[in-house]
Structure formats: structure tokens, C-alpha cells
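Enquirer: Structure in C-alpha cells, see below.
The values are calculated or read from the model by the stated rules, or taken from the named source; none is laboratory data. Predicted model, so just to flag it, every value in this text is computed and none were measured. Note that we place each Cβ from the backbone using ideal geometry, even for glycine, and neighbour counts take in every protein chain shown.
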Amino acid sequence: MTAGHIMACHDCDLLHRLPAVADGMRANCCRCGAALARPKRNGLERALALALTGLVLLVLANSFPFLGFKIQGQVRETLLLTGIRQLYMQDMEAVAVLVFITTVLAPLTQLMALVYILLPLKLNRRAPGMFRVFRWLRRIEPWSMMEVFMLGILVSVVKLAKMAQIIPGIASFCFMALIFVLAACMASLDPHVVWEQWEENQ
Amino acid sequence: MSPAARTAQTASLVSCTVCHLLLRRRPAASGPVGNCPRCGAALHARKPNSIARTWALVIAAFIFYIPANVLPITKVTSLGMTQSDTIMSGVIYFVQTGMWPIALVIFIASIFVPVLKLLMLLFLVISVQRRSTWRPKDRTRLYRITEAVGRWSMTDIFVVTILVALVHLGALANIEAQAGAVFFAAVVVITMLAAMSFDPRLIWDVKEPQDECEYPA
């Protein structure tokens, strides 16, 4: 971010005149320690590339079976959506909707919003309503829970291992990769860099 | 800008909570100040009714936590035998069968984290209400922890989803979700909303900012 800008710490409201922050470094609030700026080298490009990768992985993760379950000769393969549908049919609509939002809808919207913002920016353009989209992106972020879902997969596999043979499908590897891609994507994006680029394109 | 460190509020400024744009506030306005011209988010000097909302959500979460733990979350039917499991009985089952790492994961994610998070929020809200000046930096850190750990409580809900999807083999073996899962999901969502409605800047509002900063704005 441009040095000399004045900003308020989002955790304690203290005003700061930002020093020049080198790529890969972090500027912290001197009072409460919150990260004020954390620019990364080629952060914008990196985040865009990772968001596109994430979209591909998310589509794969939802189109292929993620776990197979073999018991006494019977094999059952499931998509992620199978579980959600099953919950829905068992009168657990609220839980089904929550799982759908946290594992499919939120990550999908998050990645699409990122591409929508970053791709035009990279081409020196400005996407219409970019800041509104960004606002929604920030709202959605806490509800995207791929990494927690992965822990859920691991626990389930161990839980069922005694009962039957579990065959991890293509989708579970996609999930695994997606977690790292999503985390790296969010880590390489400093929102202030986006504002800066946006102002430059104006 | 005066040489002493100031907060946005004392300088009659308001910082957009979403895009961090800093704006001048009309002197009379103390409530909502309109919308951010850049991202359209509603502008507030502090999150509206932060303390009341956090209290309400924390209490609601405590209430839902009881049925979430008392009612069964899954029902397993295998060859004519049915067994209902609560969160705790699942943990006990894993301990008894020697799979203590899994028992630990479920115990931490489903029982320990929600309670810990609620107690931490309770502590933060009460300390703010009592205008405590005790270690604000550590309390802010505590707030960041409550924000970060809450999501991991969803683990058990995801496990139920996966079990329900996989173990659906008619008379041979069948797992169904039960009412406890709904309450538990509600606890997770409510505690996340509670953490979001708390404003950590309230912790600092009782402090005079001059004394601790070396490079003031």
C-alpha cells in the first residue's frame, strides 16, 4: 500500500500513517498487533491464478465420487451432494442447507467473486460494482469451510474403517488440494493492493 | 493531525469495516453515518448494539448447547439393531475402542471449542461493560482466537453428513441424522454470529491511546 496513507486499525481504531511496507513484510498495529498491510510479491497475479485453479478443483470435487464404501460385496459411491440430499430427505433441511452453503455455495461464490474482481484488474480494467462484490466476498469468507470439511472426511474415514473398506475417490484429493489453494489465495491477496491497483486504473 | 496518537473516533473519522476507507464524520452524528462511498457497506463508528447483540447470541448459544448435547445426533440401524448416539457417547465410544486421537479431535471440536468460545466472548463482553483496562492487547488477541476457532466446531456436522451419505445400505446398515444435529448446527452458527457482532474496538475505547505508541499517526 502507498506509504503515507492514513488508516485506522480495524481491531482497535488507532490511526496510523502507514510506513512503506516491502513485499512479504507485514505492518502491524503498534497498539494491538493487528495486521494492517501484508503485501506479497505479485500478490494480485498469484491470487488470480490460485482462484482459477480453485474453481477447476471445486468443479471436479463436486462431479466425482469422494468416498466409496464397500461392505459385504456392496459398494456405495457418494458425491458430496448425496449427503446433503440425504440430510434433506431425513427432514434435516436446516442442516442440509448449512452444509450446502459452507461446502459448496460459499467457496464457489468466493472464488467466482475473486476472479470477477481480479481478472479485469489484471487487464487494467475495472469490473462494474467491484467494491460491492468485494463487500460480499468479505461477508462470505467466514462461511466457507473447506478445511473443516476435510477434517470431517478424515474423522469419518477412521470411524468407518472398522465397519467396511473405504475407498477415497478423485474428489477427496481435489478437496485436499482445494484447501491449500484457497488458503494460499486468501493469503496472497492484500485488499489494499486491490484498491491501489483500482485507483491506478482510474 | 495532532502529534499525539488518536483513534478514528476521537478524530471524528469513521473507518469502513469492510474496505477500511477512512471518512470524515459529521460532528453531530453518533449513530449510522450512511454508507461507504467505495464499497457500499453501512458505516458505523462502532458495530451497532455490539454488546446487546453479543449478549443475546451468547445466551441463545448456551441454551441451544443443552439439547445439542443431550439429544442424539445420529441413529445407527444395523441388522435390526438400533443405536442412538449423542456427541459425548461418540467420544466415549472412540476412547473405549482405543481410537483416542479421533476421540480427542471430536471432543475438542464439538465440546471444548464451543464452550471455550462462549466463555471467552462472555468474558470479553463483561470486561467491556465494566470498562476494564486490564491487558487490552491480550483481550484483543483473545477475540481474534474466538473468531478463528469457531468454524472448526462444524466438524461433527460434516461427519454426520458423510456418514449419512455413505452408510445407506438398507437393512444391512443405515445411519440417520437426529434432532441433536440441528441444535448443534445452530450452536455453531450462533456462536459465529456472536463473535462477528462483538466489536474489539470497544476494548480500547476506555484507554487513552497516547502512552503506548512510538510512531503516532
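Enquirer: Quick one: A:M112 ticks every box in (1) more than 10 Å from chain B (Cβ to nearest Cβ); (2) over 30 Å from B:A195 (Cα atoms) except a single one, so which number is it?
Expert: Tallying (1) more than 10 Å from chain B (Cβ to nearest Cβ); (2) over 30 Å from B:A195 (Cα atoms), A:M112 fails exactly one: (2).
Enquirer: Could I ask something else about it? Examine the range B:56-72 for a residue that is at pLDDT 85 or above and outside any helix (DSSP H, G or I), and state whether such a residue exists.
Expert: Yes, the range B:56-72 contains at least one residue that is at pLDDT 85 or above and outside any helix (DSSP H, G or I).
Enquirer: Inspect all residues belonging to the range A:84-96 and state whether any of them is more than 19 Å from A:E147 (Cβ to Cβ), over 19 Å from the mean Cα position of the chain (by Cα) and among the small types (G, A, S).
Expert: Within the range A:84-96, one or more residues are more than 19 Å from A:E147 (Cβ to Cβ), over 19 Å from the mean Cα position of the chain (by Cα) and among the small types (G, A, S).
Enquirer: Another question about this same structure. Regarding the range B:73-81, can at least one residue be identified that is crowded, with 19+ Cβ neighbours inside 10 Å and assigned to a loop (DSSP other than H, G, I, E, B)?
Expert: Yes, there is a match, as at least one residue in the range B:73-81 is crowded, with 19+ Cβ neighbours inside 10 Å and assigned to a loop (DSSP other than H, G, I, E, B).
The rows are residues; the columns are (1) small (G, A, S); (2) touching a strand residue (DSSP E or B) at 6+ places or on another chain (Cβ under 9 Å); (3) over 25 Å from A:P107 (Cα atoms).
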residue	(1), (2), (3)
A:M163	no, yes, yes
A:F173	no, no, no
A:L178	no, no, no
A:A183	yes, no, no
A:W198	no, no, no
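Enquirer: Residue check: is A:R135 among the charged types (D, E, K, R), in the same structural domain as A:F66 (by TED's automatic domain parsing) and touching a helix residue (DSSP H, G or I) at 6+ places or on another chain (Cβ under 8 Å)?
Expert: Against the criterion (among the charged types (D, E, K, R), in the same structural domain as A:F66 (by TED's automatic domain parsing) and touching a helix residue (DSSP H, G or I) at 6+ places or on another chain (Cβ under 8 Å)), A:R135 does not qualify.
Enquirer: Restricting the range B:158-204 to residues that are of a type in the set (S, T, N, Q) and within 9 Å of another protein chain (Cβ to nearest Cβ), which is surrounded by the fewest Cβ atoms within 10 Å (Cβ to Cβ)?
Expert: Ranking the qualifying residues of the range B:158-204, first place goes to B:Q178.
Results for (1) surrounded by 18 or more Cβ atoms within 10 Å (Cβ to Cβ); (2) at negative phi; (3) polar (S, T, N, Q), shown as yes or no for each residue.
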site: B:S84; (1), (2), (3): no, yes, yes
site: B:V95; (1), (2), (3): no, yes, no
site: B:I102; (1), (2), (3): yes, yes, no
site: B:I108; (1), (2), (3): no, yes, no
site: B:V113; (1), (2), (3): yes, yes, no
site: B:K117; (1), (2), (3): yes, yes, no
site: B:L121; (1), (2), (3): yes, yes, no
site: B:S127; (1), (2), (3): yes, yes, yes
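Enquirer: Tell me which residues, restricted to the range A:166-194, are modelled with pLDDT under 85 and more than 8 Å from every other protein chain (Cβ to nearest Cβ).
Expert: A:D190, A:V193, A:V194, listed by residue number.
Enquirer: For the range A:61-80, check the following and say yes or no: at least one residue is within 14 Å of the chain's Cα centre (by Cα) and free of Cβ contacts under 8 Å to residues at least 24 places away in the same chain.
Expert: no
Enquirer: Something else now. So, in the range B:182-208, exactly how many residues are of a type in the set (D, E, K, R) and either under 8 Å from the mean Cα position of the chain (by Cα) or not in a loop (DSSP other than H, G, I, E, B) (or both)?
Expert: 1
Enquirer: Test A:V133 against the stated conditions and say whether it is modelled with pLDDT of 85 or more and buried (at least 16 other Cβ atoms within 10 Å of the Cβ).
Expert: So A:V133 fits the description; yes.
Enquirer: Would it be correct to say that A:A96 is more than 12 Å from every other protein chain (Cβ to nearest Cβ) and in a helix (DSSP H, G or I)?
Expert: no
Enquirer: Another question, if that's okay. In the range A:65-108, what residues are modelled with pLDDT of 90 or more, under 16 Å from A:F175 (Cα atoms) and surrounded by 16 or more Cβ atoms within 10 Å (Cβ to Cβ)?
Expert: A:V99, A:F100, A:I101, A:T102, A:T103, A:V104, A:A106, A:P107, A:L108 - these are the residues of the range A:65-108 that are modelled with pLDDT of 90 or more, under 16 Å from A:F175 (Cα atoms) and surrounded by 16 or more Cβ atoms within 10 Å (Cβ to Cβ).
Enquirer: Give the residue that is surrounded by the fewest Cβ atoms within 10 Å (Cβ to Cβ), with candidates limited to residues of the range A:21-64 that are within 11 Å of chain B (Cβ to nearest Cβ) and of a type in the set (G, A, S).
Expert: So the residue we want is A:A35.
Enquirer: For the range B:107-143: of the residues being touching a Gly at 6+ places or on another chain (Cβ under 9 Å) and not hydrophobic (A, V, I, L, M, F, W, C), which is farthest from B:I87 (Cα to Cα)?
Expert: Result: B:K137.
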